[in-house]
Each structure stands twice: as structure tokens, then as C-alpha cells.
1. For segment 80-131, give me each residue that is assigned to a helix (DSSP H, G or I), open to solvent by 30 Å² or more (accessible area, probe 1.4 Å) and within 28 Å of residue 342 (Cβ to Cβ).
2. Please state which of the following conditions residue 10 fails to meet, knowing it meets all the rest: (1) near ligand 3 (Cβ under 7 Å from one of its atoms); (2) open to solvent by 30 Å² or more (accessible area, probe 1.4 Å); (3) of a type outside the set (Lys, Arg).
3. May I ask you to say which residue of 133, 171, 175 is touching a His at 6+ places or on another chain (Cβ under 7 Å), within 11 Å of ligand 2 (Cβ to nearest atom) and hydrophobic (A, V, I, L, M, F, W, C)?
4. So which of 62, 87, 92, 67 ends up being farther than 27 Å from residue 371 by Cβ, in contact (Cβ under 8 Å) with a residue 12 or more places away in the chain and within 32 Å of the chain's Cα centre (by Cα)?
5. Please work out which one of (1) crowded, with 24+ Cβ neighbours inside 10 Å; (2) closer than 22 Å to residue 635 by Cβ; (3) within 16 Å of ligand 4 (Cβ to nearest atom) is the condition residue 158 fails and give its number.
6. Only one of 144, 171 is outside the structural domain of residue 728 (by TED's automatic domain parsing), more than 13 Å from ligand 4 (Cβ to nearest atom), of a type in the set (A, V, I, L, M) and within 23 Å of residue 371 (Cα to Cα). Can you tell me which?
7. Condition first: within 16 Å of ligand 4 (Cβ to nearest atom) and either part of a helix (DSSP H, G or I) or within 30 Å of residue 714 (Cβ to Cβ) (or both). Can you find one or more residues in segment 469-490 that meet it?
8. If you check 129, 177, 108, 98, which single one turns out to be touching a residue at least 60 places away in the same chain (Cβ under 8 Å) and within 16 Å of ligand 3 (Cβ to nearest atom)?
Amino acid sequence: MNNGTHYRTCHLCEAMCGVAIDVRDGRITRIRGDEQDPLSRGHICPKAVALQDLHQDPERLRTPIRRTDKGWQPITWDDAFDLAAQRLDAIRRQHGRNSLGVYLGNPNVHNHGAMIAMTPFLRALGTRNRFSATSNDQLPHMLASLEMFGHQILLPIPDLDHTDVLICIGANPVASNGSLMTVPDIRRRLNALRERGGKLVVIDPRRTETGQRADEFHFIRPGTDALLLMAMVHTLFAENRVEPGPVEPLLRDLELLRLAALPYAPEAVAAHTGLAADSIRGLARQLAGTRKAALYSRMGTSTQAFGGLATWLVYCLNILTGKLDAVGGVRFTQPAIDLVALGALAGQNGHFDTRRSRVRGLPEFSGEYPASTMADEMLTPGDGQIRAFVTVAGNPVLSSPNGRRLEQALEGLEFMVSVDYYLNETSRHADLILPPTTALERSHYDLIFSLFAIRNVAKFSDPLFPPAPDQRHDWQILLELAHRLETRRAGGRLPLRSELGWRAFKRLGPDPLLDLLLRTGPYGTAPGRLRPLVQPAVDLILDLLPERHPLHGLAMLSPVNRRWQALPKGLSLTALRDHPHGVDLGSLQATLPERLFTRDGRIHLAPRRYLRDVERLYSLLATPPTDDLRVIGRRHVRSNNSWLHNSRRLVKGKDRCTLMIHPQDAARLGLQTGDPAQVSSGERHIVLPVEVTGDIMPGVVSIPHGWGHNRPGTEQTVAAAHAGASLNDLLSDEAVDPLSGTSVLNGQPVTVKVWLPARQRQPA
Ligand SMILES: Nc1nc2c(c(=O)[nH]1)N[C@H]1C(S)=C(S)[C@@H](COP(=O)(O)OP(=O)(O)OC[C@H]3O[C@@H](n4cnc5c(=O)[nH]c(N)nc54)[C@H](O)[C@@H]3O)O[C@H]1N2
Ligand SMILES: Nc1nc2c(c(=O)[nH]1)N[C@H]1C(S)=C(S)[C@@H](COP(=O)(O)OP(=O)(O)OC[C@H]3O[C@@H](n4cnc5c(=O)[nH]c(N)nc54)[C@H](O)[C@@H]3O)O[C@H]1N2
Ligand code: SF4
Ligand SMILES: [Mo]
């Protein structure tokens, strides 16, 4: 495009904002919110400009580079693919398939091409040593959905635009723009909630940007949410307020849940949680007594020592009070490409703990081991030790606990490839970096976040710019690597049928598949029928996928249930192209019981693994609270995990990588705003400036993650000039929630003291 306005979805966070990008002479002149996007209605946040900054960043890698004795050298794509396939294949032959490891980072889920190409790629790698950001993030939500509703990505989403009370625990949507709740323009929507007489309640160890807008705010001591939530369940039963409404006949094990909550009277948990017993009762009564209300939880309650239990209890509380499937409560979406239904038809609902990791015996979740044990699997000798590693769109050195140890582990590998366009803290350890195109050079459809949106919407955007010469998309990189790996494994030649399959897949790319998925989906033009013309190509591609891949659901789709039959029809890629601002498919509707995927068709309120973990919660209750400092994380609207810090426009202004601490703690430790503080946990230390604030609970300190860009050998000059310190250099990788394997990123104990440069230190 040379001149004009291009409409697309911003892919940076989960909010799916529509952006309008003005282009003149092939250059971006302006990025604004798209007023006509039915979901975001003109909203964007300051990060949207990073779409341009990323695209134009002179330090973004544009050709593959290879580590040599003379430093990094460019290498052709063909040589790069060959080198990667040859080395990975050789290591696999010598040490077995599990000697390969792979880590998938967060941007993959914002990239439909990468998502579609990922399964054949993982199959070609063939290793069980798979890791991703999931276990540093939303795993407890997926586990609760799997255990209770029978499907790992069937998540209940707050019906925010129709609720009268939103209780928000462990989430800061005003900064994060919502997570597992795709909600652009949360501020306007929270204002609308208040205007219709509704109420926002926030429970957090910090009075966050969301907390500051709350009508009712409660501090909670980090890691004690499961106690609070148990006490709320206890209150509902004790006060006879359990009224699940229409879903009641679907419930299983209500009585077990009541028994589990018996010991957790509000008085029993008050000292631990920091909430008064009356406040706890008040929360339970408010949820039960308001017809349209929703309890919503996110990172603060999932990535902590009781993340599994806390997230399960949030689901339970919504169910017990009749909020599940109800207007203004929490509901299941009905996206245009229904990965839930497709997965279920293919028998791919998710699985948990079908095997355990080699070194620490931690459970797999949907084929992935916890990220907190990645370094163990590289550093511990023996059969199955990881010797070669691939990262795809991930920066685990900054995003996974104990980043320094992970770096040591990466240094010990025989070979490492990073699919990434930055030479950053993780990819600097690679032997080969394969840089993909940027978002503006590829098409976009939100396969994942459409599943989590507060309205059903669909939107497709074509690329704004053609890929620069000799660039590859992520999906092309993944498919090419997969094809070459499979070819080597087969001894240099694949059977004709699969060779044709690979060629068809690489030629078509993901968009024709999108079209097919849209057409055969719930709002499609031809639900239940594949177009005969494309059928042979589809069959070839399906042959490349494992037996239980969701795309196989394609072949089986029919207008699955009565709810599908009632939906508007006509979606296809062409139809979406005709609507560049996106299509609104309506507000969230009742979907039960059709949308349950448990074998018995019921909702499991008290799965055994949760009940077993309640014993551990009981030991927390039985131990008196300690007064050591606990560290929690933080997000800021101008930052996104670890990777937007090379944008000058985003990092300018005051330092955001600070240690927030309460005035009482600061006074006790002799710290003032601006002082450098040393924060320690065992042998791990970081130093960062202090920010004294009454907005944080006494006994708690807060540090944002994703900083620490001061490592040598990276090529991100702006980020390095605003380096900050990495929270994950401080956090222990030994701390996981034993129930789910999720990393404990919130609530680890730390000590804090004034930091003195070495020469000022007194001899001990
Ligand atoms: N202590 C602490 N740690 C945390 C969190 C926390 O709250 N506290 N949050 C956790 C959460 S929720 C998440 S999701 C993770 C994120 O963890 P990661 O996904 O590991 O890290 P990111 O910072 O998102 O890094 C993304 C990487 O992908 C690259 N990249 C960006 N776009 C693309 C693309 O289109 N293609 C390719 N190939 N590469 C791309 C970037 O250059 C960067 O290297 O961090 C987790 N870590
Ligand atoms: N601007 C911006 N937006 C983002 C991102 C980003 O990095 N920057 N990242 C994106 C990603 S990958 C994700 S997963 C989402 C995350 O979205 P959110 O979960 O909304 O984001 P956080 O800011 O991590 O919110 C976690 C909250 O939990 C609180 N908390 C910490 N410990 C506890 C605890 O023990 N109990 C309770 N009740 N609360 C606790 C923290 O103070 C914080 O307010 O955001 C997405 N959006
Ligand atoms: S909130 Fe900001 S980063 Fe997230 S989608 Fe919207 S514009 Fe992009
Ligand atoms: Mo995340």
C-alpha cells in the first residue's frame, strides 16, 4: 500500500483493538484507534505506536544470522534451514528424541500462521521436552476448565457489558487491558458499569490502576487467595446462599465442595489473608445477592503457590451463585472459528499429568512440562537430557524464574536456534537466529483471543506491507524446518503423498485454512460441507497432522447442536475482507448444556486432584502468618512483557522498573524514593531504585517483570539504555504450585536492604 488508511487488529496484547494506520509514500504517518471496530470502538493504548516502531526498528533482524568465531554472520535462508535441520537431526540420532527441547513464547498465540504451523513443527521435533509461557501464566485456568468443563480452552468470560458487580481478584485490567477477558477500552466499560449503578470491587496486594477506580478495595496478602475464596464458599453454604440456578441439574459433587470448605470459616482465614471476617462475608453476600455479577481472576491468583486451587475456587464461586452461563455473569463464547468444538471433535480436549518430567517429576500439561524445570532438564545429565533447544517467539531468560540459571543451561547446549527478530537476552545464546516478518507484513486473524472476548466478533486483516525481499513468515520458517527435519528422519526422501502434503501446505499457507474453518464454522456459509475443490489438498495436509489434531474436526463438522443452527450464517474470508473493521456476532449467550465436554455431560465441582491439594491449603491455615517481605509482579500500560523496550516512544519518561514499597517498610529499612535497593532471595540478588508508595500493602514489594536488558551481547540499544533489572533473576525456579506445576511468580519471600556500591561497603 502506498497511500491510504489500512485497518487491522493490534496483535500486541489480548485486547484486539482495531487500529487505523495512515500510510503515505509507503511510510506510516499515523496510528489511531478504529472508531468503526465493533469491539474496540476507537480505543487504543500507548503501545499501538510500537507496531510502527517494531516495523521500522533498525535493530530488528532481517536476515538469518549465525554465530561464528568472528561473531554473528549473515547466512542464507537455505543454508540456515539446512544447518538447523542437520544439527537437530544429528543430535537426535545420537542422543534420542528427548535430547531436543523447545520453548514457545507468548507472541505465538497472537499469530494464526504460527499457531497453524506449530503442530507439524512440534511433531517433526518429536520431543517430549516441550515448554511454553503457559506454565508462567494461565495454566491454572486451563486446568480448571479441563477438569470441570472437560475442555482446556473453554474458559468462562465475564459478561462485562451487562454485569452489575465485577469482583476482580489478582488482575489489573486497567494496565493490562484485560486477559482471558478480551476487552478493549476497559475504562469506558468500567465507567458504563458505574453509570448503570453497578460496582467494581478489587482485591489485590497493591492498590493498582484498577484498584484506584474501585468502589470497594481490599488488600490481600500475596498467596492467600485460596483461603479467602474457600471462606467465601464456606459462607455461601453456611448462610444457605448456594443458588446455582439453571445449571444446578448439571452439577456434580456439590456436597464434597461443601465439606472441603468446612474448616475455612471467615474468622479462621482473616489473619492470614489480611481481610476482616466481615469483609469476607460481605464479598460472598454481594456475589450471591446480585443477580448480574461476575468474579474474575487472573495472573495474581494463578501464578502463585496456590494458583491451581484459587482459580478452581473462582470457578466454583461463580457456579454456586448462579453466575455461570447467565447474563452479566461469566459465559462461554461462540467464536467463528470454534477451536473448542473442533478440538473436542478430534478428541483433543487437553490432558494433564499423563507423564512427569524427568528430573523433578512435575506433571505435563497438554504435552508441556513446567517452564520452571527447563534449566533442570538441560543441566542434569542422563538419558533424556536436553542438548539442543529451539525457542520460538519467547524470551525465557527474562520471562521464566531464575533467568541466570537458565542462561548457564543455555550456554551448555550443543546447539540452539531462536526464531525471533531480536538479538536479545535469550537469542544471544543461540547458534542461529531465524527472524520472521513483523505483524504488519502478515495477515492477522485472532484464533485464540476471539475465544476469550466479551462479545463474539470476527475480523481478518491482510498484510499492510508486502514482506521485505527475502523475508519469511513464522509459519514458513516452522513448516520449512519441519519439512527438512522429517525428510532427514526419513533418510533423505519422504513418501510421495507426504511430500505433496508438505508442498501443498507450504504453498497455501494458513489463510485458505482459515477460510475453510470460517466457512465450516458456526457462522459459516457451508457448515458441514467442505468445498469439493479444496478437499484433496485438505486431506493431504490433514495427513501431516497427528491423529488427534483439532483440524481433523474439520472433516467431521456438521451443524453440531441446536445453538449453532440458530446463529447467523455467511462468514468466509471473503465476507471478512468485505468488513475490514470486523464483524460483530453479538453478545455472549447461554450455551449450556451443549457446550460441556465432560464425559458425563456434567460440571465437576470437586475434582479429586483439587480436593487432595486442599490438604496443603490446610497446612497454610495451620501455620501462623509470617512477617517476611513478599514480592509480587506488576504490569504497566506502556510495556509488554520483555519485548517492547526497544521503542524509544514507549520507554521514555520516568523509570518504570522500580521497587514499590510501603512507607512503613521503607522507614524500617532506611530507604527513600530513588535510593538503590538490593533485593535478595537466597543467592540471587538484583538492584533497582526504590519507589515508596502507600498504594502497596505493608509487607509486600512489587517489581515489574521483563526488564534486565543489561546483558552483554544483545543488540537492543534503546532497551539497554533503559535496562532495569529482571525480576526473574531474583525468583526461584524451585517454587511451583505442586498441584498444577505453574511457576510461583507472586508471593516469593525476599529481603531488601540499601545497596551500597562495592567501594562504600564496610568490611564485614
Ligand atoms: N516474574 C514474572 N514473570 C513472568 C510474568 C509475570 O507476571 N511475572 N508473566 C508471564 C507471562 S503472562 C507471559 S505471557 C510470559 C511471556 O514470556 P515470553 O513469551 O517468553 O516472553 P516475551 O517477553 O513475550 O518475549 C517474546 C519474544 O518473542 C519475540 N517476538 C515478538 N513477536 C514475534 C513474532 O511475531 N514472531 C517471533 N518469532 N518472535 C516474536 C520477541 O522479540 C521476544 O524475544 O512472561 C511470563 N513471565
Ligand atoms: N500493558 C501490558 N499489558 C499486558 C501485558 C503487559 O506486559 N503489559 N501482558 C499481557 C499478558 S501476557 C498477560 S498474561 C496479561 C496479564 O493480565 P493481568 O493479570 O491483568 O496483569 P497483571 O498486572 O499481572 O495483574 C496481576 C495482578 O495481581 C496482583 N497480585 C499479585 N499477587 C497477588 C496475590 O497473591 N493475590 C492477588 N489477589 N493479587 C495478586 C498484582 O498486584 C496485579 O495487580 O496482560 C497482558 N497485557
Ligand atoms: S490495548 Fe494497546 S497493545 Fe493491546 S491491542 Fe489495544 S492498542 Fe494494542
Ligand atoms: Mo501472559
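The values are calculated or read from the model by the stated rules, or taken from the named source; none is laboratory data. Quick caveat, the model's predicted, so the values are computed rather than measured. No Cβ is skipped: glycine too gets one built from the backbone with ideal geometry, and neighbour counts run over all protein chains shown. All accessible areas refer to the heavy atoms of the entire protein, side chains included, with ligands and DNA or RNA removed. Shrake-Rupley method; radii C 1.70, N 1.55, O 1.52, S 1.80 Å.
1. Passing the criteria: 97, 106, 107, 109, 115, 119, 123.
2. All conditions are met except number (2).
3. Going through 133, 171, 175 in turn, the sole match is 175.
4. 62
5. Result: residue 158 passes all but (3).
6. Numbers: 171 fails: more than 13 Å from ligand 4 (Cβ to nearest atom).
Answer to the selection: 144.
7. no
8. Values: 129 fails: within 16 Å of ligand 3 (Cβ to nearest atom); 108 fails: within 16 Å of ligand 3 (Cβ to nearest atom); 98 fails: within 16 Å of ligand 3 (Cβ to nearest atom).
After ruling out the rest, the residue left standing is 177.
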